[in-house]
Amino acid sequence: MDTEKYNRSITLFCPTCGNSQFSPVSSDDINSELQKCASCGREITRDELIKENSENIEEHAKEIKEEITRDITAKLKKRLSSMFK
């Protein structure tokens, strides 16, 4: 199974204004824990940002699970039908 097919990038949104553009507060570290919204200026940690976007993340995970289930079911049906020809 090609697992790359199921990789996703999930856009995280600012819980204050809904913008998706953030920049690290510390300009010397792109992986800074503290992020600043480009629109409203709210500073938020990565963990808080993930927590605030948990519903969006869960919905994407649900979609991926459904896609995997459909693909596995289709593969099994195809294999079984070829075995009993």
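Nothing in this text is a laboratory measurement; each read-out follows from the coordinates by a stated rule. Quantities reported herein were computed from a predicted structural model and do not represent experimental measurements. Using ideal geometry, Cβ is built from the backbone for each residue, glycine included, and neighbour counts are taken over all protein chains shown.
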For the chain, built as a Gaussian network whose Cα springs stay under 10 Å, the top-fluctuating residue of T45, T73, T11: T73
Residue (of I50, Q35, I68) at the positive-pole extreme of the chain, dipole from beta-carbon charges: I68
Dipole moment magnitude, nearest 20 debye, the chain about Cα centre, only Lys, Arg, Asp, Glu C-beta charged: 880 debye
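How would the chain be classified by its alpha-carbon gyration tensor: rounded, prolate or oblate, with rounded meaning a/c under 1.5 and the a/b versus b/c comparison settling the rest? Present the calculation step by step, with values, prior to reporting the outcome.
Values: a/c = 4.97, a/b = 3.12, b/c = 1.59.
Note, shape of the chain comes out prolate.
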Cα-based helix-to-principal-axis angle, 54-83 vs the chain, degrees rounded to 10: 20 degrees
FRET efficiency, 1/(1 + (r/R0)^6) with R0 35 Å, evaluated for K5 and K85 via beta carbons: 0.80
Value at 222 nm in deg cm²/dmol, rounded to 500, when DSSP H runs of n ≥ 4 in the chain each add -39,500 (n - 2.57): -15000 deg cm²/dmol
